[in-house]
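Below is one structure, written out as structure tokens, with a few remarks after it.
The values are calculated or read from the model by the stated rules, or taken from the named source; none is laboratory data. In this text the structure is predicted, and so the values were computed from the model without any measurement. For neighbour counting, all protein chains shown are included, and Cβ atoms are generated from backbone atoms with ideal geometry for every residue, glycine included. Surface areas here come from the heavy atoms of the whole protein model, side chains and all, with no ligands, DNA or RNA. Shrake-Rupley method; radii C 1.70, N 1.55, O 1.52, S 1.80 Å.
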Number of protein chains: 2
Amino acid sequence: MTTHTKHMSADERRTATVEAVVELAARHNPSEITTTAIARQMGVTQGALFKHFPTKEAILEAVMGWVAERLLARVDQAAAAATSPLLALEAIFMTHVDFVAEHPGVPRVMFGELQRARMSAPKRMAQALIRRYGERLHRLIEAGKASGELSSSIDTAAAVTLFVGTIQGLVMQTMLAGDVRRIRNEAPGVFALYRRAIGSRP
Amino acid sequence: MTTHTKHMSADERRTATVEAVVELAARHNPSEITTTAIARQMGVTQGALFKHFPTKEAILEAVMGWVAERLLARVDQAAAAATSPLLALEAIFMTHVDFVAEHPGVPRVMFGELQRARMSAPKRMAQALIRRYGERLHRLIEAGKASGELSSSIDTAAAVTLFVGTIQGLVMQTMLAGDVRRIRNEAPGVFALYRRAIGSRP
DNA sequence: TGATAGTAAGTAAGTAATTACTATCTTACA
DNA sequence: TGTAAGATAGTAATTACTTACTTACTATCA
């Protein structure tokens, strides 16, 4: 319940800034997201941003933190509700796809940070997020192999790479088509193929 | 066998410019590839670029043309030498991985162009390349289903998306590790999973 | 309670640096 | 010698960030 005041609190403004970046990234190239564009999206002057963030990089750092927290929380929640490793992988997949469909700018910002030449705080956070995500997948796949639900002959590292790449492929299709709804429609078919790839054969 | 002259011909310079961009993209964020950086990579002043290209966008257009021509030629050559649809898909996969390992900047430039907000000539060329690439995959997968080599129950469109995403996933791993050789090492394992996903079961 | 001083949040108008691109002059080769 | 290729030194526009000033909320105290 935000009262209609002209001034926001520092915390509200920081959150609003992060959300503005995520929304802008859905329609614009991350490298074209200038501080002026962020401020305009928020209905505020450009200089006002620097009351809450020392640099633009600090803004991107906050964005990466926002993404890591929300994505991992939802993914963990989905996995916890599942009753087997394979079902957990499917739940994670669909949850991730939902997240990307809700926030199409997120994978673009992530990829943009990873592409940076020099190491930076936001790039480090993007790497850390993918590493943590990969560890969760690795554990689930190993558990699935142990329980016999997944084929014990598959390469776990390759299965992790394929999982992440599968979502990347869906994101790419979305960017090609320019239609966000498409990712939700195509996701089940693509995961069905992934299940064929890793599942044990009857 | 370029003779040691100070002035290059227009055609040589255009090719050298494209190669400079591809080399720069291997180490730098595509949006950080300025005309100054391109010129420095070529050992030439920045203004000299505009003797051969009217705009920077025209340079990127030439880059996309260079990529489309070389990648599709190599992919077609690899597919033609294969004796079955599945072997053709494997040959295309490995050829593509080789191409990316040789030119790690290429997928970054491609992805960067696709991310652009407004339509542009290079973006259109990137979309056209992926479309043509996808059509080739589509035909091969359909042929494989007809011959019984691939499962007839799989979704062909999803299989195309998964193929492209699989390579994207390998590229992402490369960017995370910062080590180009890794993609060649991991490629066979990942394709083995892809084969499990689409192949008919014995 | 109600005036008021202090402060956080915001504005407006700057800065230097960098960008793509250009005008003018110079060099090298056929 | 004429011309294409390149060098030099610009241009206006845009970038992240700053400075000086103004507004709105809040805690304090008579």
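Tabulated values for the structure
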item: 7 Å along Cα→Cβ, label-point gaps from B:ARG27 to other copies, nm, shortest first; result: 3.8
item: Label-point separation, B:SER152 to A:GLU142 (7 Å along Cα→Cβ), nm; result: 4.2
item: Per-residue average of Cβ from other chains inside 10 Å of A:148-158; result: 3
item: Net lengthening on full extension, B:SER120/B:ARG70 (0.36 nm per residue, minus Cα-Cα); result: 15.9 nm
item: Within 10 Å of each Cβ in A:191-199, the average number of Cβ atoms from other chains; result: 6
item: Chains A and B, summed buried accessible surface - 1.4 Å probe, Å², nearest 100; result: 4000
item: Other protein chain Cβ atoms within 10 Å, averaged over every residue that makes up B:178-188; result: 1
item: Two-decimal ratio, the protein assembly as shown, of alpha-carbon radius of gyration to 2.2 N^0.38 Å; result: 1.05
item: Simple spin-label estimate for B:GLU32 and A:SER9 in nanometres, 7 Å along Cα-Cβ; result: 3.8
item: Amide H partners (placed H, <5 Å) of B:GLY199, local residues excluded; result: B:SER151
item: Surrounding net charge for B:GLN127, when Lys and Arg each add one and Asp and Glu each subtract one, Cβ distance under 12 Å; result: +4
item: Rounded to whole Å, sorted largest first: equivalent-ellipsoid semi-axes of segment B:38-130, Cα gyration tensor; result: 30, 15, 11
item: Residue-span extension gain [B:THR45 to B:ARG201] - 0.36 nm each, minus C-alpha spacing; result: 50.2 nm
item: Charged-residue dipole, Cβ positions (Lys, Arg, Asp, Glu), segment A:80-165 about Cα centre, Debye nearest 20; result: 560
item: Per-residue ³J(HN,Hα) for segment B:56-63, Karplus 6.51 cos²θ - 1.76 cosθ + 1.60, θ = phi - 60°, Hz, x for Gly and Pro; result: 5, 4, 5, 5, 5, 4, 5, 4
item: Charge dipole magnitude, Cβ of K and R +1, D and E -1 - segment B:55-198, Cα centre, debye nearest 20; result: 280
item: Estimated inter-spin distance, B:ALA80 and B:ASP179, nm [label 7 Å along Cα→Cβ]; result: 3.7
item: Computed [θ] at 222 nm, helices only, for chain A once each DSSP H run of length n ≥ 4 contributes -39500 (n - 2.57); result: -25000 deg cm²/dmol
item: Accessible surface of segment B:55-198 [probe 1.4 Å, protein heavy atoms]: carbon and sulfur percent; result: 52
item: Per residue solvent-accessible surface (Å²) - chain A, probe of 1.4 Å; result: 47
item: Heavy-atom accessible area, 1.4 Å probe, ligands and nucleic acids excluded: residues of segment B:20-67 down by at least 40 Å² from chain alone; result: B:ASN29
item: Sequence-distant aspartates and glutamates (8 or more away, or on other chains) whose Cα lies within less than 18 Å of B:LYS51; result: B:ASP11, B:GLU12, B:GLU19, B:GLU61
item: Where Rh is the Kirkwood radius over Cα pairs, Rg/Rh for segment B:46-202; result: 1.02
item: Segment B:141-180 and segment B:3-44: distance between their alpha carbon centers, rounded to Å; result: 33
item: Selection from B:VAL97, B:PHE53, B:ALA126, by position along the positive dipole direction of chain B (Cβ); result: B:PHE53
